[in-house]
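K.L.:
Structure provided below as structure tokens; questions to follow.
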Number of protein chains: 2
Amino acid sequence: MAPVTNGRVLFNAIPEGFPVPGETTVYDTSETIDIETVALNGGFVLKTLELSVDPYMRGRMREPSKKSYSDPFFIGKPLNGYGVGVVIRSENAEVQVGDHLYGILEHQHYSIRKDLSGLEKIQNPDKLPWSAYIGVLGMPGKTAYMAWKEYSHAKKGEVAFVSTGAGPVGSLVIQLAKRDGLKVIASAGSDEKVKFMKEIGADVAFNYKTTKTAEVLEKEGPIDIFWDNVGGETLDAALEAANNYGRFIECGMISGYNNGHSTGIKNLFHVVAKSLTISGFIIFRLEAKYREEFYKVLPPLVASGEIKYSEDVYNGLDKVGDVILAVQKGTNKAKAVVHVADE
Amino acid sequence: MAPVTNGRVLFNAIPEGFPVPGETTVYDTSETIDIETVALNGGFVLKTLELSVDPYMRGRMREPSKKSYSDPFFIGKPLNGYGVGVVIRSENAEVQVGDHLYGILEHQHYSIRKDLSGLEKIQNPDKLPWSAYIGVLGMPGKTAYMAWKEYSHAKKGEVAFVSTGAGPVGSLVIQLAKRDGLKVIASAGSDEKVKFMKEIGADVAFNYKTTKTAEVLEKEGPIDIFWDNVGGETLDAALEAANNYGRFIECGMISGYNNGHSTGIKNLFHVVAKSLTISGFIIFRLEAKYREEFYKVLPPLVASGEIKYSEDVYNGLDKVGDVILAVQKGTNKAKAVVHVADE
């Protein structure tokens, strides 16, 4: 087999505000790979099938000297992130051709890996689409499931407010909250997303671009639980509408990712006045406690359709830069998936 | 016995910024009481000995229609707050002349009470000054002890930062943190307070008016626990200096009490990035869990001098308005106590 192009998405410049496709990231086709002859040194060739694009990736586009919970990207190197690949050649006895692996993948068509570090085999007995394993059954799904279990202290009849409720995390949170018997208020940035949130069970769903969050919460609250993906004004509105002893689960603050968090939070004094608890978390820390339960409980619910999910699939590795921007701006319709290749 | 003046501190006007003695509160001497003949209807006469003035009282000086965790004061009525009184006449079989009672007292020399509602008898076997029961052994002491037990998750060798560390709450927190084996950084607003904080064990004590909090924390941190009494810029500095998995105990945000919390908190995104937990609390909610332990553990430690406390005593009920202002401005030297009368 002749060498083929090994397309890569390279980190090219640190964005100042929003990332700019073609500038902050570039799609590069200068490398080739001969899959049958390339030296593996005991490793294996992983062919990338599906890549996940998530909000937290903006935080990795920074000066490497700045510390954060996630590793930085490096200028001139490929991006990397959650993905699913299939093994197409192997010299490693633990890894067979045809194995499907989930974990952190380089943003390139083919990668040579030494071993299973950072990867795990997917069994997929329910024959779900592989993309499900980077969404509802991947990091976003784990984020929703594990943090809801750990921090919500949900009680039947309480009220939850879920921001970015049409996303892969928020949409699972809505469904978990409904299964726990809560009233769910959910917000997103388009009417199409509002429709989806109602389909998956939100009692009150609204478009925050056309309806004021504070007004909805005043009418439908007070809220006992706030699932925060956005921060900023939405967080201020939730603080104002919080019930005594409310729980705020801080999953993300995307509203500040591209403007340096210049909006100060003015209503934080409600934390004292209303005895609120605000929990930030990193999902890795909850994995050990909930991993087994997650993979036992969730795939069958997804397979049976009891838990629904939605994807916005973009075809081709060259689309990654556009998808990163779409996710930061919220113009993607649902969980952003880049379909890199068929098997 | 002839009637005597029953001096009262009346709430007179809702302050816009800082309270103004003589305007927002007035000392009134228009009432008299004849202690021996006044009708008790089965109740008793309580003579006020000591009154506590605390930061939270500013929040009670509001439009009664505004909801909050504390009851509002009412225009034309006496203030009320924690205090200690002695029973000087009684028709209630549960209450004997000479009993000392702790609880919410009207800000007046003599009160007629029906029963023990809102009050409890103090035994005081260690013969501590009665004022201790509105400070280190009263609400401030309970606040420090119970919330530290509940929320700090302190581990030996960790670093705690305590704001308003010379106050009745902060100074006990410093000592509890040292007893748990932590390194303690403490701030206050005068060199005299800094000296006191060092005396009670703070490893690093500084005057936030002359030394930048952010610089101290950068040098001495990162911090695992922040005991927040102030909010505002101090909270922002603590968020910046927080260690991963840091715990923020939100006891108060006095920096915003007199300016409508106009300073927005800019560094809240660290809650996500560093997996912080921020706990607001109301002490009443922890009472049931820790009350018995508190009264068993703390009085002997205070009596033996192992736990130290400091008071700034003002003599005379007519001083209450001035003391409220001093506490809001932080010009009091230590726990503010109004000594109303000797026994």
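K.L.:
Being among the basic types (Lys, Arg) and assigned to a loop (DSSP other than H, G, I, E, B) is the filter; apply it to the stretch B:261-292 and report the residue that is nearest to the other protein chains (Cβ to nearest Cβ).
P.N.:
B:266
K.L.:
Residues in the stretch B:86-114 that are open to solvent by less than 70 Å² (accessible area, probe 1.4 Å) and more than 25 Å from the chain's Cα centre (by Cα): how many?
P.N.:
Number of matching residues: 6.
K.L.:
So, of the residues in the stretch B:246-258 that are open to solvent by 10 Å² or more (accessible area, probe 1.4 Å) and either away from chain A (no Cβ under 11 Å) or at pLDDT 95 or above (or both), which turns out to be nearest to residue A:279 (Cα to Cα)?
P.N.:
B:247
K.L.:
Taking the stated definitions as given, is residue A:213 open to solvent by 10 Å² or more (accessible area, probe 1.4 Å), touching a helix residue (DSSP H, G or I) at 6+ places or on another chain (Cβ under 6 Å) and away from chain B (no Cβ under 14 Å)?
P.N.:
yes
To keep it simple, each residue is scored yes or no on (1) surrounded by 15 or more Cβ atoms within 10 Å (Cβ to Cβ); (2) over 20 Å from residue B:16 (Cβ atoms).
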residue	(1), (2)
B:39	no, yes
B:44	yes, yes
B:48	yes, yes
B:64	no, no
B:74	no, no
B:82	yes, yes
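K.L.:
Checking the structure you have, find out if any residue of the stretch B:293-313 is open to solvent by 30 Å² or more (accessible area, probe 1.4 Å), in contact with a His (Cβ under 7 Å, 6 or more places away or on another chain) and either more than 14 Å from every other protein chain (Cβ to nearest Cβ) or at pLDDT below 95 (or both).
P.N.:
yes
K.L.:
Please name all residue pairs, on different chains or six or more residues apart, with Cβ atoms under 7 Å, provided the first residue is in the stretch B:131-143 and is β-branched (Val, Ile, Thr) and the second residue is in a helix (DSSP H, G or I).
P.N.:
B:136/B:168; B:136/B:172; B:136/B:302; B:143/B:169
K.L.:
Here are B:149, B:193: which of them is open to solvent by 10 Å² or more (accessible area, probe 1.4 Å), closer than 25 Å to residue B:240 by Cβ and not in a loop (DSSP other than H, G, I, E, B)?
P.N.:
The conditions single out B:193.
K.L.:
Among the residues in the stretch A:297-312, are any within 23 Å of residue A:70 (Cβ to Cβ), without any contact (Cβ under 8 Å) to a residue 40 or more places away in the chain and not β-branched (Val, Ile, Thr)?
P.N.:
Among the residues of the stretch A:297-312, at least one is within 23 Å of residue A:70 (Cβ to Cβ), without any contact (Cβ under 8 Å) to a residue 40 or more places away in the chain and not β-branched (Val, Ile, Thr), which makes the answer yes.
K.L.:
Assess whether residue A:28 counts as being surrounded by fewer than 17 Cβ atoms within 10 Å (Cβ to Cβ) and charged (D, E, K, R).
P.N.:
Judged against the criteria, residue A:28 is not a match.
K.L.:
Pull out all pairs, ordered by first then second residue, where Cβ-Cβ is under 7 Å, the residues are six or more apart or on different chains, the first lies in the stretch A:60-79 and is in contact (Cβ under 8 Å) with a residue 12 or more places away in the chain and away from chain B (no Cβ under 14 Å), and the second is in a loop (DSSP other than H, G, I, E, B) and open to solvent by 50 Å² or more (accessible area, probe 1.4 Å).
P.N.:
Pairs found: A:61/A:14; A:63/A:14; A:74/A:64; A:75/A:12.
K.L.:
Sticking with this structure for a sec: Are any of the residues in the stretch B:324-334 within 14 Å of chain A (Cβ to nearest Cβ) and open to solvent by less than 60 Å² (accessible area, probe 1.4 Å)?
P.N.:
No.
K.L.:
Residues in the stretch A:217-236: is at least one open to solvent by 10 Å² or more (accessible area, probe 1.4 Å), within 14 Å of chain B (Cβ to nearest Cβ), among the aliphatic types (A, V, I, L, M) and within 18 Å of the chain's Cα centre (by Cα)?
P.N.:
Taking every residue of the stretch A:217-236 in turn, at least one turns out to be open to solvent by 10 Å² or more (accessible area, probe 1.4 Å), within 14 Å of chain B (Cβ to nearest Cβ), among the aliphatic types (A, V, I, L, M) and within 18 Å of the chain's Cα centre (by Cα).
K.L.:
Inspect all residues belonging to the stretch B:141-159 and state whether any of them is touching a strand residue (DSSP E or B) at 6+ places or on another chain (Cβ under 8 Å) and modelled with pLDDT under 95.
P.N.:
Looking through the stretch B:141-159, none of the residues is touching a strand residue (DSSP E or B) at 6+ places or on another chain (Cβ under 8 Å) and modelled with pLDDT under 95.
K.L.:
Do you know which of the residues in the stretch B:125-144 that are part of a loop (DSSP other than H, G, I, E, B) and out of contact with any Lys or Arg (no Cβ under 8 Å at 6 or more places or on another chain) is surrounded by the most Cβ atoms within 10 Å (Cβ to Cβ)?
P.N.:
B:137
K.L.:
With respect to residue B:343, is the statement that it is assigned to a helix (DSSP H, G or I) and away from chain A (no Cβ under 14 Å) true?
P.N.:
It is false that residue B:343 is assigned to a helix (DSSP H, G or I) and away from chain A (no Cβ under 14 Å).
K.L.:
Can you tell me which residues in the stretch B:309-328 are assigned to a loop (DSSP other than H, G, I, E, B) and under 16 Å from the mean Cα position of the chain (by Cα)?
P.N.:
Once the filter is applied, which keeps residues that are assigned to a loop (DSSP other than H, G, I, E, B) and under 16 Å from the mean Cα position of the chain (by Cα), the stretch B:309-328 yields B:309, B:310.
The values are calculated or read from the model by the stated rules, or taken from the named source; none is laboratory data. Predicted model only: the values in this text are computed from it and were never measured. Ideal geometry is used to build each Cβ from the backbone, glycine not excepted, and the neighbour counts take in all protein chains shown. The protein model used for the area step is the full one, side chains on, heavy atoms only, and it has no ligands, DNA or RNA in it. Shrake-Rupley method; radii C 1.70, N 1.55, O 1.52, S 1.80 Å.
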